[in-house]
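Working notes, structure below.
The values are calculated or read from the model by the stated rules, or taken from the named source; none is laboratory data. Since the model is a prediction, treat every value here as computed from it, not as a measurement. A quick note on method: Cβ atoms are made from the backbone with ideal geometry, for glycine too, and the neighbour counts reach across all protein chains shown.
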Amino acid sequence: MPRARSDWSIEAERRYLDGEKLCDIALVLDKTEQAVRQAKFAQKWDKKNNPNVRIETQANPNVRKRGGQPGNVTSTQFKKDNTASLVHGGYRAAKRDTFDDYENQLAAMVPRDEEELLVGLIEEYEIRERRLYIAIAKYRSMDSETAVSGVVTEVNKRDFDTPEEQKIYEERRWERVTKGDREAGFSKFTQTSSEPVIEKVLRLERELTSVQRAKVQCVQVLRKVREGREGSSSLADELPPVVINLAEGCDD
């Protein structure tokens, strides 16, 4: 015979089906959030036939139809001159009418002499080449076979509409801390991703090859400019696309 449900779990289910959050229910009923969550799972609150029920999980939440999804406005939301989708300006086309005052000053400082500009590019490639050599040597000397490729930290905190709501929450939370129902502070989750060292080295070596190729091509163009060969007076006609891309930092 199944064990009778406790009064608090019945009240917790009623509040959940009315739309309250699990953490709020736990505070009101003086229970831990883990206890409320376990009761929700064991008693299958989400499967109750109630019009106010919130389905938090589905059998296959990632399954979707092929093609454009209903309500997808990504293609129309960001127009040509709209920069809202840009995280930074590294891949944005540099147009004169979009420059601020400082960028206009930088543009005015760009050397107009082709030889001077080429020498500057070669110096930049020399520095990038040196940094890549250092990075490759660092990973080759590692004793471990894997290297950290990324770290994601998630802190579980609550947002409030008013300072009064925050004050009430803090008072209730501290009450539970003093009773020993929960620990002080907030939960913090850190996830570290790694990859084989050999893959990092190979990727750096490919980048090094691209930088060296661009540097060699710059040197060849510089030699032509210095020799004054016919047709080499225009730098834009001589620089290969790989040099222009690397100079703008597109392969960083």
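Is there a residue in the range 137-160 that is part of a helix (DSSP H, G or I), closer than 30 Å to K200 by Cα, in contact (Cβ under 8 Å) with a residue 60 or more places away in the chain and under 27 Å from the mean Cα position of the chain (by Cα)?
At the first step, the residues of the range 137-160 found to be part of a helix (DSSP H, G or I) are 137-140.
Imposing the further condition that a residue be closer than 30 Å to K200 by Cα reduces the set to 137-140.
Now narrow it down to the ones that are in contact (Cβ under 8 Å) with a residue 60 or more places away in the chain: 139-140.
Pick out the ones that are also under 27 Å from the mean Cα position of the chain (by Cα) and you get 139.
The answer is yes, given that some residue of the range 137-160 is part of a helix (DSSP H, G or I), closer than 30 Å to K200 by Cα, in contact (Cβ under 8 Å) with a residue 60 or more places away in the chain and under 27 Å from the mean Cα position of the chain (by Cα).
Scan the range 1-16 residue by residue and report those that are over 35 Å from the mean Cα position of the chain (by Cα) and either closer than 13 Å to V36 by Cβ or part of a helix (DSSP H, G or I) (or both).
The initial filter retains those residues of the range 1-16 that are over 35 Å from the mean Cα position of the chain (by Cα), namely 1-15.
Selection gives S6, D7, W8, S9, I10, E11, A12, E13, R14, R15.
May I ask you to say which residue of E123, E129 is assigned to a helix (DSSP H, G or I) and in contact (Cβ under 8 Å) with a residue 60 or more places away in the chain? Before the answer, list the steps.
Numbers: E123 fails: in contact (Cβ under 8 Å) with a residue 60 or more places away in the chain.
Sole residue among the options that is assigned to a helix (DSSP H, G or I) and in contact (Cβ under 8 Å) with a residue 60 or more places away in the chain: E129.
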(request) Check N72, N62, N52 and return the single one that is touching a Gly at 6+ places or on another chain (Cβ under 7 Å), modelled with pLDDT under 80 and closer than 28 Å to D159 by Cα. (result) N52
(message) Looking at the range 157-165, can you tell me whether even one residue there is loosely packed, with under 12 Cβ neighbours inside 10 Å and modelled with pLDDT under 85?
(response) yes
(message) All but one of (1) in contact (Cβ under 8 Å) with a residue 24 or more places away in the chain; (2) assigned to a helix (DSSP H, G or I) hold for E199; state the number of the condition that does not hold.
(response) (1)
(request) Check Q166, Q220 and return the single one that is part of a helix (DSSP H, G or I), closer than 30 Å to V28 by Cβ and either out of contact with any strand residue (DSSP E or B) (no Cβ under 7 Å at 6 or more places or on another chain) or not aliphatic (A, V, I, L, M) (or both). (result) Q166
